[in-house]
Amino acid sequence: MINIIDAENIGQWRRAIFYLYLLIMHRRPSVEHDELKMIIHQEVQQSDHRAEGEVMAETMAEYLFEQGQKQGQLLGEKRGETLAKREDVLKLLQLRFDSIPEPIVKKISAIRSYTKLDALFEKAATMETLDEIEWDNI
């Protein structure tokens, strides 16, 4: 690695290191992440820009943390939507047919697909009896 980087090129150096971290995290198998990050870290430690490399590593950690938070939030939202749709289906069936047999409640509670629950909701709005539910299609 070149140890002498002028002020004009320091931004490029930072972007290059950040890009390498991104490549590791998004293009390499997770079992390789620690070893590859260690190689970059060692090279940065040997350069005259060690402090900048440490800041870059912290920045990358913050970036990864934020990405994890976003993914967790999206997953939580999807689970919440699915749970709400499941409750909507059960409530609609209860309103239309007074009581729902426990085996049907269990089958509906086991459905994890929002799309399937939405299709069942539409079917529940128009069917005449609970026997019209086509469980093979759900």
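Computed values, structure above
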read-out	value
Inter-probe distance in nm under a simple model that places probes 7 Å from Cα toward Cβ, at D131 and R112	3.3
Flagged links, alpha-carbon separation over 24 Å, of K91/K123; K85/K123; K91/K116; K85/K107; K70/K123	K70/K123
Set of the range 112-135 residues, backbone N closer than 14 Å to the point 7 Å along the Cα-Cβ line of L95	121-127
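Coordinate-derived values only; no laboratory data. Here the structure is a predicted model, which is why all the values come from computation and not from measurement. Positions of Cβ are generated from backbone atoms using ideal geometry, with glycine treated the same way; all protein chains shown enter the neighbour counts.
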